[in-house]
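What follows is a single structure, written as structure tokens, with notes after it.
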Amino acid sequence: MYSFSIYMYMIGLVTFCMKRKHFLLMLLSLEFIVLSLYFNLMIYLSMYFYDFFFSMIFLTFSVCEGALGLAILISMVRSYGNDYFNLMNLLW
């Protein structure tokens, strides 16, 4: 089970690096990485019989990260008309 969560994390990192030009796919792969880290955290906490309160804090921060990413995505789509990084001038 532990190796499966590490495999999920690595696949998420590879996807994040491969889709670096498309902001929506970067957000989806980032959420996949957060999900794999949450899965790894739950395995660790259940293995050592710790309290699961920290997992709720982790979920709270991951939801805030997702909402912030979607807000940035909506702002980019309204400003530039798409979510591709290579088509917009970020120095303007």
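All of the numbers you see were taken from the coordinates with simple rules; none came from a lab. No experiment lies behind these values; they were computed from the predicted model shown. All Cβ positions, glycine included, derive from the backbone under ideal geometry; neighbour counts span all protein chains shown.
Could you please tell me which pairs satisfy a Cβ distance under 6 Å, a separation of 6+ or placement on different chains, a first residue in segment 59-77 that is in contact (Cβ under 8 Å) with a residue 40 or more places away in the chain and among the aliphatic types (A, V, I, L, M), and a second residue that is part of a helix (DSSP H, G or I) and surrounded by 12 or more Cβ atoms within 10 Å (Cβ to Cβ)?
L73/F23
From the residues in segment 1-18 that are crowded, with 16+ Cβ neighbours inside 10 Å and farther than 23 Å from M76 by Cα, which one is nearest to the chain's Cα centre (by Cα)?
The first filter runs over segment 1-18 and keeps only residues crowded, with 16+ Cβ neighbours inside 10 Å, leaving 5, 8-9, 12, 15-16.
Filter again for farther than 23 Å from M76 by Cα, leaving 5, 8-9, 12.
Values: S5: 15, M8: 12, Y9: 10, G12: 8 Å.
Looking at residues that are crowded, with 16+ Cβ neighbours inside 10 Å and farther than 23 Å from M76 by Cα, I get G12.
Are any residues in segment 19-75 of a type in the set (G, A, S) and loosely packed, with under 13 Cβ neighbours inside 10 Å, and if so, which ones?
Initial filter on segment 19-75 (of a type in the set (G, A, S)): 29, 36, 46, 55, 62, 66-67, 69, 71, 75.
Across segment 19-75, the qualifying residues are S46, A67, A71, S75.
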